Amino acid sequence: MTEKESGRLASQIRRLYGANRRAARPFWLCLTEFAAGTPIYEQCFRMNDGFAAYLMDTTPESYLDLFPLEAIVYLTPDSENVLEDIDPSKVYVLGGLVDESIHKQLTLRRAREQGLQTARLPIREFMVRAPNCRNYHSETLAINQVFDVLVTYYETRSWPAALRAGVSSGKGYVLPDPAEQAETAQRTTAAQGNALLCAEELQEAPA
Ligand SMILES: C[S@@+](CC[C@H](N)C(=O)[O-])C[C@H]1O[C@@H](n2cnc3c(N)ncnc32)[C@H](O)[C@@H]1O
C-alpha cells in the first residue's frame, strides 16, 4: 500500500472506531498484523488523535494464530456465500485494503488459501441497481462502510436499515420502494425455501 492508501485506511479505522463507540451494541475490535514500523501503524498514530487510548486491541499476530479457524468468517465482496445473520460466537475479519477493484478477489483468494469461511453482505438481495450516468454499480465498500452495515444490523436485525446506513448512493445501489421491498423479502424467503427443498431432495436420493 502506498503512503496515501495507508492514510486512507487509518482514517477509515478512525471512523469505524467512532461508529463502534456510538453503537448500542458495540463489537469487540482487534487490529491484527498491526506491527510497529509498518506504514499503517505509523499512520494510525500520526493521523488519529488519541489512538493509543482507543478501546481496541492491537497485535502484531495474525488472526490465524489468535482464533480457532472454524470461528473465523472472512468478509469479502467476492464470496459466493451471503451473510444472513451475525453470530456473536464468530470472528468477522475485514481486509485492511483501500482498493476497490485493483486487486480483485484478493481477500477471497487469501481466505480460500487459509481454509476460512467467507461471506459477502446481502447487497444484491435487498437493494437494486440505480440508473446513473456512469452506469457504475459496486458492491465493494470501504471497511468503515462495511462496519456501519454490521453495527446497524446488529442493533436492528434489519438488513434494509443496515444497508441504508452503510451503502452510500455513490455505489449505484438503492433500496427499492417499500412495495417492491416486501416483494424482494418474499422472493428471498421463497429462494431459501427452495434451497432447503434441494437439500432434502439430495438427502433422500441415496435411499
Ligand atoms: C475496499 S475493500 C477491499 C476490496 C479488495 N479488492 C478485496 O479483495 O477484498 C475492504 C474490505 O472490506 C470488506 N468488504 C468490502 N465490501 C464488502 C462486501 N460487499 N461484503 C463483505 N465484505 C466487504 C472486505 O473485508 C474487504 O477486504
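Quick note: the coordinates plus some simple rules give every number you see, no bench work behind them. Since the model is a prediction, treat every value here as computed from it, not as a measurement. In this analysis, Cβ positions are derived from the backbone assuming ideal geometry, glycine residues included, and neighbour counts consider all displayed protein chains.
A few points about this structure:
- Cα gyration tensor category, rounded, prolate or oblate, for the chain with a/c compared to 1.5: prolate
- If R0 equals 35 Å, the separation of the Cβ atoms of residue 33 and residue 86 corresponds to a calculated FRET efficiency of about 0.90.
- Karplus-based coupling profile of segment 132-138, in residue order and whole Hz: 8, 5, 8, 6, 9, 9, 10, with θ = phi - 60° in 6.51 cos²θ - 1.76 cosθ + 1.60 and x standing for Gly or Pro.
- Built amide H within the under 5 Å cut-off of residue 74, gap 5+: 93, 117, 118, 119
- For the chain, share of DSSP beta bridges that run antiparallel, in % to the nearest 5: 20 percent
- Placed amide H near residue 58: partners under 5 Å, 5+ positions off or other chain: 31
- Neighbour cut-off at most 13 other Cβ (10 Å), DSSP loop, trypsin sites (Lys or Arg not before Pro), segment 59-114: 104
- Pair residue 45, residue 157: separation of 7 Å Cα→Cβ label points (nm): 4.4 nm
- Across segment 88-94, coupling constants 3J(HN,Hα) worked out from phi with the 6.51/-1.76/1.60 Karplus curve, θ = phi - 60°, read x, 8, 9, 10, 9, 9, 10 Hz, and Gly and Pro carry x.
- Karplus-derived 3J(HN,Hα), 6.51/-1.76/1.60, for each residue of segment 43-48, Hz, glycine and proline x: 5, 4, 6, 6, 9, 9
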